[in-house]
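The values are calculated or read from the model by the stated rules, or taken from the named source; none is laboratory data. Here the structure is a predicted model, which means the values were calculated and not measured. No Cβ is skipped: glycine too gets one built from the backbone with ideal geometry, and neighbour counts run over all protein chains shown.
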Amino acid sequence: MQRVYSSPTPAEAHLVQDYLAQAGIQAVIQGSELGGLQGLVPTTETYASVWVADEDMAEAEALVREFLDGQPNDVAETAWQCPNCGEEIEPQFSDCWNCGTSRIG
Ligand SMILES: [Zn+2]
């Protein structure tokens, strides 16, 4: 087993576990809330941690990165062009600053 993620917030560890489970990777959580398993991790380890089988580690790491990113990288990262007046609008704005047309799509 290898640790792929740890968090001071057990709920977050559970979210990661669920996320991995959806991808077909079985993960286990160890941490202070699970007294019975505590002997398996160093006593200084106070975080809830997510562990996966060695052979799942590479895929699990990628999934955790994906999970932590939250959203696909290419969403809202590029400027858009107003369909009404043709102005180029920064990605953080949902309406055209020039004419007020809402971003579509
Ligand atoms: Zn416009």
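Looking at Gly39, Gly24 in this structure, which one is modelled with pLDDT of 95 or more and loosely packed, with under 10 Cβ neighbours inside 10 Å? None of the other options fit; the residue is Gly24. In region 14-37, the residues that are aliphatic (A, V, I, L, M) form Cβ pairs under 9 Å with partners that are assigned to a loop (DSSP other than H, G, I, E, B) and modelled with pLDDT of 90 or more, at six or more places apart or across chains, as follows: Leu20/Gln26; Ile25/Ala53; Ala27/Ala53; Val28/Met1. In region 81-97, which residue that is within 9 Å of the ligand (Cβ to nearest atom) and among the acidic types (Asp, Glu) is surrounded by the most Cβ atoms within 10 Å (Cβ to Cβ)? Filtering region 81-97 for residues that are within 9 Å of the ligand (Cβ to nearest atom) and among the acidic types (Asp, Glu), the one surrounded by the most Cβ atoms within 10 Å (Cβ to Cβ) comes out as Glu87.
With respect to the conditions (1) in a loop (DSSP other than H, G, I, E, B); (2) modelled with pLDDT under 90, Ala11 lacks only one, and its number is (1).
Taking region 59-80 as the search range and keeping residues that are in a helix (DSSP H, G or I) and surrounded by fewer than 12 Cβ atoms within 10 Å (Cβ to Cβ), which one is modelled with the highest pLDDT?
By that ranking, first place goes to Arg65.
For beta carbons closer than 7 Å, sequence separation of 6+ or different chains, a first residue in region 88-105 that is among the acidic types (Asp, Glu) and a second that is modelled with pLDDT of 85 or more and surrounded by 13 or more Cβ atoms within 10 Å (Cβ to Cβ), the qualifying pairs are Asp95/Thr101; Asp95/Arg103.
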